[in-house]
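Written below as structure tokens is the structure these notes are about.
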Amino acid sequence: MSDPQFDLIVIGEGIAGLTAARVAARQGLSVATFEANIFGGLVLNVNELDPVPPGAGASGTDYASTLMSECSEAGVVSHSEAVEALAGANGAVTLTTAGGTYSARAVIVASGAKLKRLGVPGEEEYAYKGVSQCADCDGPLFQGAEVAVVGGGDSALQEALVLAHYADRVHVLMRSAAPRANAGWLARAKAEPKIVFHPQTSVYRIEGGPMVERIVVRGADGVEQTLACAGLFAYIGLEPNTAFLPTDIKRDGSGRVVTDDKMGTAVANVLAAGAVRSGDDGTLAGAARDAEIAAASAFASLRG
Ligand code: NDP
């Protein structure tokens with residue numbers, strides 16, 4: 001087999017992937033990144049980072065753009081291609097894309113995660129017609145309106161607070177009796193008079209005309225109720241982007257890649273970092289920390 005083309009390939013140009021690529025390239029490794037969509041990942045949906053990571057601008061776009069420029073200056077080669085398959089053998093890892101095959105001595109999987117969808121009637125039909133998963137992008141469309149946020153985690157409350165800048169009322173619909181968000185987000189959401197909590201409430205249908213007009217829910221008593229809302233934003237957790245990974249890379253019950261404390265996976269020379277990884281804490285700081293560990297591990301195994 002011919003020599004691998006790169007020391008390291010990083011799959012994903014979100015915060016974890018760009019951080020890992022930057023660290024590894026600055027250490028002198030030859031590094032390529034692969035990204036199926038626009039660089040930046042989920043952080044692009046955040047206008048005001050909270051907390052703002054060290055060295056980052058105030059918005060998610062600023063943060064991702066800074067990292068992308070730093071990668072480029074460090075010599076990272078960026079490929080706008082989706083990775084379709086990955087296989088490790090004989091000390092190298094080979095990636096397959098629609099455009100060809102690429103090889104590296106090590107790979108960091110930082111393919112991130114996407115927001116889960118509710119899977120209820122009306123959700124697909126009203127996508128971009130009131131159903132959204134980007135409060136920062138679409139919030140201004142709901143000036144003076146009533147909207148609903150589904151979920152009771154940190155994301156739901158953070159985004160409910162964004163929507164409260166614009167909407168008259170934000171209904172937070174939680175299937176559990178209590179939110180699971182941390183105390184900080186909970187205190188801020190409870191202090192916002194426009195936010196109304198609906199515990200033990202599940203969405204059944206989204207209805208309207210050309211645009212969303214109402215949401216049919218059921219509370220703890222099982223009685224159907226209609227909320228007049230022009231928008232619905234589901235923040236019910238993340239699902240990892242792992243479809244291209246072989247089954248010998250172990251996953252946990254939620255489909256995330258299982259790693260050791262050096263970010264190594266069950267396959268030699270394949271590491272993982274960020275939201276795709278089991279144990280990720282969902283924060284930007286956590287993604288960057290994972291990425292630094294993964295890059296250091298790759299460097300140690302290639303040059304150590
Ligand atoms: P979480 O998994 O933490 O919360 C998901 C929420 O959605 C829960 O309230 C859950 O309810 C609910 N839910 C799940 N499935 C459904 C469903 N089918 N129907 C209705 N409700 C559902 O996800 P988040 O996206 O909020 O957070 C992901 C990670 O990102 C976390 O680690 C979080 O801490 C982190 N995060 C950090 C931020 C920060 O530090 N700035 C900001 C945002 C997120 P139930 O409780 O009943 O399961």
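The values are calculated or read from the model by the stated rules, or taken from the named source; none is laboratory data. The model shown is predicted, which means the values in this text are computed figures rather than measured ones. Cβ coordinates were reconstructed from backbone atoms using ideal geometry, including for glycine residues, and neighbour counts include every protein chain displayed. These area figures cover heavy atoms from the full protein model, side chains too; ligands, DNA and RNA do not enter into them. Shrake-Rupley method; radii C 1.70, N 1.55, O 1.52, S 1.80 Å.
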| request: Quick one: which residues, 5 or more positions from Ala234 or on another chain, have an amide H under 5 Å from its amide H? H modelled 1.01 Å from N in the peptide plane, none for Pro or chain starts. | output: Ser132, Val150
| Derived scalar couplings ³J(HN,Hα) [the range 46-53; Karplus, 6.51 cos²θ - 1.76 cosθ + 1.60; whole Hz; x for Gly, Pro] | 10, 7, 10, 5, 8, x, 7, x
| Mean Cβ neighbour count within 10 Å, used as a protection proxy, ranking 193-200, 85-92, 135-142 highest first | 135-142, 193-200, 85-92
| field | Peptides 57-67, 264-274 ordered by average Cβ neighbours within 10 Å, highest first | value | 264-274, 57-67
| query | Assuming R0 = 41 Å, what is the FRET efficiency of Val52 and Ala98, from their Cβ-Cβ distance, to the nearest 0.05? | reply | 0.65
| note | Once amide hydrogens are built 1.01 Å from N within the peptide plane, the residues lying 5 or more places from Ser78 or on another chain with amide H under 5 Å from its amide H are Thr33
| field | Net dipole in debye of the range 1-131 [+1 Lys, Arg Cβ; -1 Asp, Glu Cβ; about Cα centre; nearest 20] | value | 220 debye
| Under a plain spin-label model, where a point goes 7 Å from the Cα along Cα-to-Cβ, how far apart in nm are Ser69 and Ala89? | 4.4 nm
| query | Angle between the Cα long axis of helix 284-303 and the longest principal axis of the chain, 0 to 90 degrees, nearest 10? | reply | 10 degrees
| field | Residues whose placed amide H lies under 5 Å from that of Ile108, excluding near-sequence neighbours | value | Ile9, Val10, Ile11, Leu271
| Residue-level accessible surface for Arg214, protein heavy atoms, 1.4 Å, Å² | 80 Å²
| Roughly how many debye, to the nearest 20, is the charge dipole of the range 117-178 about its Cα centre, given +1 on each Lys and Arg Cβ, -1 on each Asp and Glu Cβ, and no other charges? | 140 debye
| message | Residues of the range 240-281 with backbone nitrogen within less than 11 Å of a virtual label 7 Å along the Cα-to-Cβ line of Lys116, please, listed as ranges. | response | 240, 254-255
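Excluding ligands, DNA and RNA, what is the solvent-accessible area per residue of the range 117-234 at a probe of 1.4 Å, expressed in Å²?
For the range 117-234, the solvent-accessible area averages 49 Å² per residue.
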| query | How much solvent-accessible surface does Leu186 expose, in Å² to the nearest 10, with a 1.4 Å probe and all protein chains in place? | reply | 40 Å²
| note | Singleton cysteines, the chain, no second Cys beta-carbon under 4.7 Å -> Cys71, Cys229
| query | Measuring from centroid to centroid over Cα atoms, what is the spacing of the range 64-117 and the range 177-255 in Å? | reply | 32 Å
| message | Once neighbouring chains are kept in place and the probe is 1.4 Å, which whole percent of the accessible area of the range 1-149 is contributed by carbon and sulfur? | response | 50 percent
| said: Through the Karplus equation 6.51 cos²θ - 1.76 cosθ + 1.60, θ set to phi - 60°, convert the phi angles of the range 249-263 into ³J(HN,Hα) values in whole Hz; use x for Gly and Pro. | reply: 7, 5, 10, 8, x, 9, x, 7, 6, 7, 10, 8, 6, 9, 6
| said: From the phi angles alone, apply the Karplus equation (6.51, -1.76, 1.60; θ = phi - 60°) to the range 170-185 and give each ³J(HN,Hα) in whole Hz, x where the residue is Gly or Pro. | reply: 10, 8, 9, 9, 10, 6, 8, 6, 9, x, 9, 5, 6, 4, x, 5
| request: Report the relative contact order of the range 117-234, percent, no decimals, based on alpha-carbon pairs under 8 angstrom and at least 6 residues apart. | output: 31 percent
| Extension gain, Glu124 back to Tyr204 (0.36 nm per residue minus Cα-Cα distance, nm) | 27.5 nm
| field | Heavy-atom accessible area ranking, 1.4 Å probe, most first, across Glu13, Glu125 | value | Glu125, Glu13
